[in-house]
1. Sorted from fewest to most neighbouring beta carbons within 10 Å, what does the list 197, 102 look like?
2. Which one, [x] 20.1; [y] 19.4; [z] 21.6, gives Kirkwood radius over Cα pairs in Å as derived from the coordinates shown?
3. How far is helix 126-136 tilted, in degrees, relative to the longest principal axis of the Cα atoms in the chain, given as a value from 0 to 90 rounded to the nearest 10?
4. Size of the stretch 161-284 along its principal axes in angstrom, Cα-based, largest extent first?
5. Select from 99, 253, 236 the residue whose mean-square fluctuation is largest in a Gaussian network model of the chain (Cα-Cα springs shorter than 10 Å).
6. Neighbour counts of other C-beta atoms within 10 Å: give me 68, 27, 156 arranged from fewest to most.
7. Taking the DSSP beta bridges in the stretch 47-170 as the whole, what percent of them are antiparallel, to the nearest 5?
8. Please report the spacing between the Cα centers of the stretch 227-249 and the stretch 143-188 in Å, no decimals.
């Protein structure tokens, strides 16, 4: 594959956890989960310019990100493992809120791996990118695979899942939540019974619950306020991931009042497939 001078307007879509059950905990401390991950059309936009001096730089076009975000970590990891002498200037238009449970950072990392694989002419198949993704974070392999999925284990056991088209109201309160705080909380339910995909498919948008939600509400009152705000509009909300964003399926007739100041409300559709799904050969 030839080198490319740039790749602009490259999307990194967010996800929603339609349900999230914690079924146990490994001896190394990692939690075992069951969940359905769904891609939505709320995304960050990344731009990549080729550098021939081996330097990796990031410019934040909207919100300032941490100096060592997952995007730069992904770029450095791929550069090191591949042995390429090339670098990149990465611009990020951050639109997906952080600390929301929507996988924004993980999606940015996956998009970075897919884009630099092209930009640097590596032409690696998916099987070579997946281990890098998993080392960066449990959600990254999902975004690399690029399809809605039934997810088990610590996030590495991924089965493609077909979902009916639907729209969702996604509400992100001003406060964020750190995932680590929830998973180390003594009140977290860690013994949910295993679910089956057949039960989920029968009612995908009403199945199960989010086992992290009760702890998140205890840590952040805004999560409870956000759930109540959607419920007051006649909806059946739940939290996504480790929060603090909440969501509910909506119809075209749903009318919303103005959310509290500083909160973000977005009406999203689910995606059948990741916009970059054809960017890497699928050999797994």
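1. On the way: 197 13, 102 29.
Starting with the residue having the fewest Cβ neighbours, the order is 197, 102.
2. [y]
3. Roughly 60 degrees between the two axes.
4. 44, 39, 30
5. 253
6. Numbers: 68 10, 27 5, 156 14.
Taking fewest neighbouring Cβ atoms as first place, the list is 27, 68, 156.
7. On the way: 9 of 14 bridges.
Around 65 percent of the beta bridges assigned by DSSP in the stretch 47-170 are antiparallel ones.
8. 14
No value in this document is a laboratory result; all are computed from the given coordinates. Because the structure is a prediction, the values reported are computed rather than measured. Note: ideal-geometry Cβ built from the backbone for every residue, glycine included; neighbour counts use all protein chains shown.
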